[in-house]
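Okay, so here's the structure we're looking at.
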Ligand SMILES: Nc1ncnc2c1ncn2[C@@H]1O[C@H](COP(=O)(O)OP(=O)(O)O)[C@@H](O)[C@H]1O
Ligand SMILES: [Mg+2]
């Protein structure tokens with residue numbers, strides 16, 4: 001199926017919508033301003049969000065990671081997911097308050113068949129905004145975290161959108177984890193080989209390096225990928241409107 005060019009996938013980073021240094025702390029004002037921007041955009045959008053200090057906190061405490069493994073106490077799966085649903089509830093209410101009609105999809109099964117294409121297109125065509133988020137899913141031998149970034153890739157592989165926007169907590173991708181100087185305006189995936197990125201306190205899903213690996217997989221689908229500062233609503237709006245010089249861009253391979 002050809003790309004449906006007026007769909008944009010937007011990932012709201014956990015480090016943007018929560019304060020990653022304090023367990024379960026929502027940045028309500030940021031959620032509100034991002035919902036406002038999303039509500040103002042006429043595009044068809046799929047919204048994915050991360051776990052921030054909600055999901056990551058419990059997952060880390062319980063030793064649940066992106067590798068499949070046994071879970072000592074299955075209640076930890078419940079607690080991690082409960083924290084994610086809690087965060088999701090805040091986001092949904094905010095999106096709804098800004099005129100969107102969010103439709104939550106969870107759990108997100110790792111499958112990409114035609115059924116899912118129609119599933120998304122029917123929702124989008126009816127005026128819904130599909131919303132997905134990082135989750136804990138069963139796997140052979142236990143459970144694992146599927147990150148919001150992984151889910152973004154799965155959504156892109158289903159819908160082949162023209163653009164995917166990662167809202168992160170800095171202006172874009174910096175050449176080094178010191179994050180000083182200028183951001184990289186156009187990231188070439190060949191740069192990945194030598195790229196070292198740091199990780200946040202509660203992050204169980206690999207931080208910026210893993211994010212860039214996923215972004216490059218998304219770009220290989222033909223989707224342009226943008227990294228922008230989610231704390232700057234005007235910048236997010238520009239990215240939604242198709243301006244590429246507001247952060248770091250990875251051109252989709254066509
Ligand atoms: N070179 C870099 N360029 C951009 N961000 C970086 C870099 N090194 C580390 N980071 C940090 O990586 C974070 C992005 O990864 P992550 O914390 O997983 O974000 P998210 O919560 O959006 O998934 C940013 O918050 C940023 O502070
Ligand atoms: Mg992350």
Unique match (being under 20 Å from residue 13 (Cα atoms), away from ligand 2 (no atom under 16 Å from the Cβ) and surrounded by 22 or more Cβ atoms within 10 Å (Cβ to Cβ)) among 167, 156: 156
Only listed residue being within 14 Å of ligand 1 (Cβ to nearest atom), in contact (Cβ under 8 Å) with a residue 40 or more places away in the chain and over 18 Å from the mean Cα position of the chain (by Cα), chosen from 184, 168, 214, 151: 184
For residue 141, work out the one condition from (1) exposed (fewer than 13 other Cβ atoms within 10 Å of the Cβ); (2) within 22 Å of residue 205 (Cα to Cα); (3) free of Cβ contacts under 8 Å to residues at least 60 places away in the same chain it doesn't fulfil. (3)
Kindly provide the set of residues from segment 22-34 that are away from ligand 2 (no atom under 16 Å from the Cβ), surrounded by 19 or more Cβ atoms within 10 Å (Cβ to Cβ) and part of a loop (DSSP other than H, G, I, E, B), ordered by number. none
Considering 187, 231, which residue is more than 15 Å from ligand 2 (Cβ to nearest atom), closer than 25 Å to residue 59 by Cβ and buried (at least 18 other Cβ atoms within 10 Å of the Cβ)? 231
Scanning segment 190-211 residue by residue, those surrounded by 17 or more Cβ atoms within 10 Å (Cβ to Cβ) and either more than 8 Å from ligand 1 (Cβ to nearest atom) or modelled with pLDDT of 70 or more (or both) turn out to be 195, 202, 204, 205, 206, 208, 210, 211
Flagged in segment 170-184 as closer than 16 Å to residue 247 by Cα, within 16 Å of ligand 2 (Cβ to nearest atom) and surrounded by fewer than 16 Cβ atoms within 10 Å (Cβ to Cβ), in numbering order, are 179
Condition first: in a helix (DSSP H, G or I), within 25 Å of residue 215 (Cβ to Cβ) and within 13 Å of ligand 1 (Cβ to nearest atom). Can you find one or more residues in segment 35-49 that meet it? no
Going by what's in this entry, would residue 80 be described as at pLDDT below 95, within 16 Å of ligand 2 (Cβ to nearest atom) and touching a strand residue (DSSP E or B) at 6+ places or on another chain (Cβ under 6 Å)? no
Condition met for residue 216 (closer than 30 Å to residue 58 by Cα, outside any strand (DSSP E or B) and in contact with a helix residue (DSSP H, G or I) (Cβ under 9 Å, 6 or more places away or on another chain)): yes
Please work out if residue 110 is at pLDDT 95 or above, in contact with a helix residue (DSSP H, G or I) (Cβ under 9 Å, 6 or more places away or on another chain) and not in a strand (DSSP E or B). no
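The values are calculated or read from the model by the stated rules, or taken from the named source; none is laboratory data. Model, not experiment: these values are computed from the prediction. Note that each Cβ is placed from the backbone with ideal geometry, even for glycine, and that neighbours are counted across all protein chains shown.
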